[in-house]
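The values are calculated or read from the model by the stated rules, or taken from the named source; none is laboratory data. Because the structure is a prediction, the values reported are computed rather than measured. FYI the Cβ positions are ideal-geometry reconstructions off the backbone, even for glycines, and counts take in every protein chain you see. Please note that ligands, DNA and RNA were not included when accessible areas were found on the heavy atoms of the full protein model with its side chains. Shrake-Rupley method; radii C 1.70, N 1.55, O 1.52, S 1.80 Å.
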Amino acid sequence: MEREKKLKLVELKNLDPLRGKDYRTPLEKIQLGEAEAMFLKAQNMDFNTIPASGEVVYLRENSNISTGGDSIDFTDDIPNSYKQIAVCAAKALKVVITGLDMIIPDTAQEATADNYVIIELNFNPAIHIHCHPFQGKNRKLNEKLMDALGY
């Protein structure tokens, strides 16, 4: 009973209908296993820690959708300079469809040579996370891709 009370925040977040298992939903359920326990310990916390109101607690070093991370759409919030960099990166690899992951520490600043990094381009991108983001609007990427492919 005591453990149930203390895991309430994760359990509440996992109630979101966008969260499921085995990639059948846009987001995966958050797990509380060894990796999460270790990351909390490095922050002087554990599964019994009660965060302050409004405090954000990170459970993992990465924020992959596959490990329970949230998809947050920033498309309208970032300067066009980053979008142009993404387009140029895709063109450089001569690909039409790719998912580009970029780290931008300060999305209020225009792109410069040293304030962002492209960490990967995915040639089998997860389209559904852009259609059903945890936060942000549906980009209807599935429809746009079908149009781009001539369907």
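When you look at GLU143, is it at pLDDT below 95, outside any loop (DSSP other than H, G, I, E, B), surrounded by 11 or more Cβ atoms within 10 Å (Cβ to Cβ) and not polar (S, T, N, Q), yes or no? When the stated conditions are applied, GLU143 passes them. Whether any residue in the stretch 47-63 is exposed (fewer than 11 other Cβ atoms within 10 Å of the Cβ), within 21 Å of HIS132 (Cβ to Cβ) and without any contact (Cβ under 8 Å) to a residue 12 or more places away in the chain is what I want to check. Taking every residue of the stretch 47-63 in turn, at least one turns out to be exposed (fewer than 11 other Cβ atoms within 10 Å of the Cβ), within 21 Å of HIS132 (Cβ to Cβ) and without any contact (Cβ under 8 Å) to a residue 12 or more places away in the chain.
Taken over the stretch 105-139, the criterion of being free of Cβ contacts under 8 Å to residues at least 60 places away in the same chain, open to solvent by less than 100 Å² (accessible area, probe 1.4 Å) and farther than 18 Å from TYR82 by Cβ is satisfied by ILE127, ASN138.
GLY136 fulfils the conditions (1) in contact with an Asp or Glu (Cβ under 6 Å, 6 or more places away or on another chain); (2) on the phi < 0 side of the Ramachandran plot except for a single criterion, (2). Screening the stretch 10-37 for residues that are touching a residue at least 40 places away in the same chain (Cβ under 8 Å) and acidic (Asp, Glu) and picking the one that is most open to solvent (accessible area, probe 1.4 Å) gives ASP16. Would the stretch 70-93 turn up any residue that is open to solvent by less than 40 Å² (accessible area, probe 1.4 Å), free of Cβ contacts under 8 Å to residues at least 40 places away in the same chain, touching a Pro at 6+ places or on another chain (Cβ under 9 Å) and within 20 Å of ASN138 (Cα to Cα)? Looking through the stretch 70-93, none of the residues is open to solvent by less than 40 Å² (accessible area, probe 1.4 Å), free of Cβ contacts under 8 Å to residues at least 40 places away in the same chain, touching a Pro at 6+ places or on another chain (Cβ under 9 Å) and within 20 Å of ASN138 (Cα to Cα). Considering only residues that are hydrophobic (A, V, I, L, M, F, W, C) and outside any helix (DSSP H, G or I), which ones fall in the stretch 87-112? Hits for the stretch 87-112 are LEU93, VAL95, VAL96, ILE97, LEU100, MET102, ILE103, ILE104, ALA108, ALA111. Only one of these conditions is not met by GLY150: (1) modelled with pLDDT under 95; (2) on the phi < 0 side of the Ramachandran plot. Which number is it? The single condition GLY150 does not satisfy is (2).
Within the set LEU32, LEU40, LEU9, the sole residue that is assigned to a loop (DSSP other than H, G, I, E, B) and over 30 Å from GLU110 (Cα atoms) turns out to be LEU32. Within the stretch 94-104, the set of residues being open to solvent by 50 Å² or more (accessible area, probe 1.4 Å), closer than 24 Å to LEU27 by Cα and free of Cβ contacts under 8 Å to residues at least 40 places away in the same chain comprises ASP101, ILE103.
Filtered by the rule that a residue be within 15 Å of the chain's Cα centre (by Cα), farther than 15 Å from GLY99 by Cα and in a loop (DSSP other than H, G, I, E, B), the stretch 59-86 gives LEU59, ARG60, GLU61, ASN62, SER63, GLY68, GLY69, ASP70.
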